[in-house]
Amino acid sequence: MTTHTIKCAKCNLALQGPADPEPDDALICPGCGMSDTLENVTREIGEYVTECMAEAIGGTVRDAFRGNEFIEVTTDHRHQTLHRFVVDLDL
């Protein structure tokens, strides 16, 4: 199992909170004070990871068919959400 540190997107600092947080416990950025409940932070991180994965997969498919005269890959340009919280991903 791999663990990742959830960070404030603005400050790039790890969020702080209880050692074993419950869904309603607050996580907070020590730099700017941005905070939310564990439940909301987890939901937002899920949305962030989904966007990152979609972008990575789209790039891989685009690269795989680059230069192919029979297949044209088009992408649906999504409006990227501004996230308050992020996590480092190795994609």
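FYI, it's all coordinate maths here, none of it is from the lab. Everything numeric in this text was worked out from a predicted model, so none of it was measured. Because the Cβ atoms are built from the backbone with ideal geometry, glycine has one as well, and the counts that use them run over all protein chains shown.
Observations on the model:
- Three principal axis extents of the chain based on alpha-carbon atoms, in descending order, are 55, 29, 20 Å.
- When the charge dipole of the chain is built from unit charges on Cβ atoms (+1 for Lys and Arg, -1 for Asp and Glu) and taken about the Cα centre, the candidate among Ile71, Val41, Met1 whose Cα reaches farthest toward its positive end is Ile71.
- Between helix 38-64 and the chain: long-axis angle, C-alpha atoms, 0 to 90°, nearest 10: 20
- With contacts taken as Cα pairs under 8 Å at a separation of at least 6 residues, the chain carries a relative contact order of 33 percent.
- Neighbour counting of Cβ atoms within 10 Å sorts the residues Val73, Val49, fewest neighbours leading, into Val73, Val49.
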